Structures are given as C-alpha cells and as structure tokens.
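The values are calculated or read from the model by the stated rules, or taken from the named source; none is laboratory data. Bear in mind the structure is a predicted one, so any value in this text is a computation, not a measurement. Neighbour counts are summed over all protein chains in view; Cβ atoms, including those assigned to glycine, are modelled from backbone coordinates with ideal geometry. Only protein heavy atoms, including side chains, enter the accessible area calculation; ligands, DNA and RNA are left aside. Shrake-Rupley method; radii C 1.70, N 1.55, O 1.52, S 1.80 Å.
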Amino acid sequence: MKKLWIGILINIQFFTAIPIRSSLPMEKAFITSSVRTFPILGIIQGLIYSSFVYILLNFSPFSLLAVSFLLWLGMICLTGGLHLDGWMDASDAFFSYQDQEKRLEIMKDPRIGAFGVLSVLLLLSAKFLFIYEILQNWQTKDYILLLILPFFSKMVMGLLLIYVPEAKDSGLGSFFKRAAHPHITVIYLGYISFCFVGLFFLYKDILPIVFLLFTASLLSYLFLSKKIVSWFGGLTGDLLGASVEGVELILWASLWLLHYFVMA
C-alpha cells in the first residue's frame, strides 16, 4: 500500500503542477509503482475536470463560452504545459523531414520552431472547439465521460513506456522506461475490467460510448507504437508527452462526433 501511494504522489509530482513538497523515494520499485498507477493519475485529473465543470455550470454566472475557456485553461495549468512542450518538440522534429538521428537532435533543442508553434496552436484550437461544442449539448453522462478521457490517455502512455523501445538511454522517458515491466499490462486490464463492470451496474447506458472511446485509445496506441519507432527510432520523454496530447485530442474529437451522431 505504501508503494501504491508513493507511486501516485510521484505521478502527481512529475506530471502535474500540483505542488508535492515532500522528498519522495526514487528507487526502481517506487517508479514501477508509478507506472502501475498512471491510469489512477488519469482518474484524479478527470475528477478535477468533472468537478470543475460541475461547479462552473451549476454555481457560477459564466456563459458556456467562458466555462469552456476556463476548462481549457485549467487543463493546461493542471499539467503545467509539460505534455504541450513535448508536442511542440516532436512537431518540430517530425516536420523537419530529416533522418531519425537529426530528429532526435532537434527535440533536444530548447528553442521552439515555426512548426512547433503552428502545431500547438492547431492542437489547442481544436481542443477548445471540441470542449465548447460538447458543453453546448452537455448531459449528466458527460461528467463520467470527462472523467474517463484522461484515464484512457494515461493508460496509453503507460503501454507505450512498456512496449516501445527507447531511442536514447537518458532523460525522463528513459528514467520511467527502466521501471516499466510487461506484467503491468495485467494491472491495466484490471483497471479496465473494473471500469466496465462498475459502469455496467451504475450507468449501463454509456457503456457503448465508453467502449468506443476505449477502442479509439487502443487504435491510437497501435498506431503510435509503430510510428514512433519508424519516425524517431524509439521513445523519448518528448514523444511520450506528445502522445498523451495526441491521444487526448483524438478522444475529445471522438466524444465531439458522438455528440453529433449518437448522443444528440
């Protein structure tokens, strides 16, 4: 149990802007616990997002546009822009159309290029559009769906760490990669089973929608696991962050489309 809590605290310390003042142990066993609890970090983030939207929609005078902006901004602030930094670095590297070694060098450069700026503007603009239009047709079930989105994206992050070879043996990605073991997949399957069983008894109506979001997550993982290797030669911390942003964008887009064609 101690390892579980320390793993969750490590995730909060590394992947959010929530201040953890304590000095946490960084031995391999605790980092392994951290990887095991990536989806729990996603649930924590989802709870924060859903609670934030509930408060704004029910106890504030703000318009839907303002609520959309505040949620959009809150999501950026909660992660401290960590994954967005990876998205920009990966975009600069990918659109350089260089070989794998050169792309890795570009991602090391602390400067942001034109493609990085354009790609993050496109990402954030698309996410804001999806949030705003979803909130226009907001239903009670959307609180649960909003909770689940980061749960799935963090699970994909963990699977990429476990199964995709690293491109270099240094950096934050390599640090977590060394503690990511295949047996963690069984734990992730347990999380997914618990999620679906819980929804079956508590909110059966949204099971098909959650299954579609899970399928989108799985397809995203399969695509990324191949392309990360072919485009960059392996996984890095920047690519891991970019993957989280990309998967979340796909899930937001999926939920947006579902509101048009399924949930309307």
(request) Check ASP89 against each of (1) out of contact with any Phe, Trp or Tyr (no Cβ under 9 Å at 6 or more places or on another chain); (2) surrounded by fewer than 20 Cβ atoms within 10 Å (Cβ to Cβ); (3) in contact (Cβ under 8 Å) with a residue 24 or more places away in the chain; (4) part of a helix (DSSP H, G or I) and name the one condition it does not meet. (result) (2)
(request) Taking only the stretch 1-16 into account, find how many residues are part of a helix (DSSP H, G or I), closer than 18 Å to LEU82 by Cβ and β-branched (Val, Ile, Thr). (result) 3
(request) Give the residue that is least open to solvent (accessible area, probe 1.4 Å), with candidates limited to residues of the stretch 1-21 that are without any contact (Cβ under 8 Å) to a residue 40 or more places away in the chain and aliphatic (A, V, I, L, M). (result) ILE10
(request) Could you pull out the residue among PHE62, PHE30 that is open to solvent by 20 Å² or more (accessible area, probe 1.4 Å) and modelled with pLDDT under 95? (result) PHE30
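Could you pull out the residue among LEU56, LEU24, LEU71 that is open to solvent by less than 40 Å² (accessible area, probe 1.4 Å), not acidic (Asp, Glu) and not in a helix (DSSP H, G or I)?
Answer to the check: LEU24.
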(message) For the stretch 41-53, which positions are among the hydrophobic types (A, V, I, L, M, F, W, C), touching a residue at least 60 places away in the same chain (Cβ under 8 Å) and surrounded by 17 or more Cβ atoms within 10 Å (Cβ to Cβ)?
(response) LEU41, ILE43, VAL53
(request) Scan the stretch 92-104 for residues that are part of a helix (DSSP H, G or I) and either touching a Phe, Trp or Tyr at 6+ places or on another chain (Cβ under 9 Å) or at pLDDT 90 or above (or both) and jot them down. (result) ASP92, ALA93, PHE94, GLN100, LYS102, ARG103, LEU104
